[in-house]
1. How high is the FRET efficiency from E97 to T183, r the C-beta distance, R0 22 Å, rounded to 0.05?
2. With each pseudo-label sitting 7 Å past Cα toward Cβ, what's the E135-T80 distance in nm, one decimal?
3. Can you give the FRET efficiency for S165 and S126, using 1/(1 + (r/R0)^6), R0 = 41 Å, r = Cβ-Cβ distance, to the nearest 0.05?
4. Let me know the whole percent of all Cα-Cα pairs from segment 31-180 that are separated by more than 23 Å.
5. What list of ³J(HN,Hα) values in whole Hz, one per residue of segment 101-108 in order, does the Karplus curve 6.51 cos²θ - 1.76 cosθ + 1.60 (θ = phi - 60°) give from phi, with Gly and Pro shown as x?
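What follows draws every value from the coordinates through simple rules; no lab data is involved. Keep in mind that what you see is a predicted model, and the values were worked out from it rather than measured. Cβ: placed from backbone, ideal geometry, glycine included. Neighbour counts: every protein chain shown.
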Amino acid sequence: MRTVTGTGLVVAALVATAAALLFPILSFAGLSAAGTDPDAGTVATRSGPLSPLDRDFVTKVRLAGLWELPAGQQAQERGTTKAVRTAGDHLVNGHAELDRRVRQVARQVGVDLPNQPNDQQQGWLSELEAARGTEYDRKFANILRLAHGKVFTVVAQVRATTRNSLVRELADDANATVLDHITVLERTGVVDFDAIARDTQASSSPTSPAAPPPVPPAPSAPPVPPEPATPSATFSLPPAASAPEPESAGRAGRSHGEDDER
């Protein structure tokens with residue numbers, strides 16, 4: 001009797017131990033699956049499912065135009081070299097067209113767009129506004145090049161994962177525009193690639209604080225006399241129209257060709 005009782009206790013102890021070991025593993029697996037649900041926060045539209053990443057991307061495309069287009073026009077006027085002024089031309093033309101596209105897409109998928117740059121972008125515009133001469137050239141090229149480099153990775157992620165046809169087309173347009181702007185900014189000859197690489201690596205660390213864009217030190221050269229302060233012309237983007245409510249799930253199955261707004 002004692003032997004049977006002792007054996008039962010040993011078996012019970014082994015079962016309890018196994019259960020204790022398996023419980024956290026199963027619980028973690030369940031949490032992981034819930035955290036990677038691709039449909040979490042996704043809404044149905046006529047052009048396909050619209051995820052939170054899709055909506056954030058549409059908003060960021062609009063925000064990019066709200067500050068990069070005025071910065072481009074400023075470079076057209078203040079750039080001391082033809083390469084800087086050409087880069088300004090590309091920013092103005094590229095973002096004028098891209099903003100038209102993003103406002104069109106936002107109306108169709110039901111995303112409300114901002115009409116003002118965010119605080120960080122306004123800070124960059126203020127920094128450029130205060131610069132003159134060759135200092136302006138360096139700040140313009142490096143601030144814009146860093147910003148475009150970070151946007152480039154976001155565009156790639158959205159293009160690779162979105163299930164929405166309109167967002168996919170917008171990502172294609174944004175990819176071409178951003179790559180063109182990166183190219184003309186690098187052709188200015190004043191981009192500090194080492195500083196951009198350091199900043200990008202630091203900002204990718206989860207423990208590193210946000211840092212301002214790198215601006216290389218001024219080379220040894222005779223000082224450039226300051227230009228008289230004159231108000232810069234502004235290029236205002238059209239306000240974003242109020243977006244309609246997203247299409248209900250019941251209309252999600254309708255084909256993309258039925259969208260009469262495209």
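1. 0.85
2. 1.1
3. Working: r = 39 Å, r/R0 = 0.94.
Rounded to the nearest 0.05, the efficiency is 0.60.
4. When every Cα pair of segment 31-180 is considered, 40 percent fall beyond 23 Å.
5. Per-residue couplings from phi come out as 5, 5, 5, 5, 5, 4, 4, 6 Hz.
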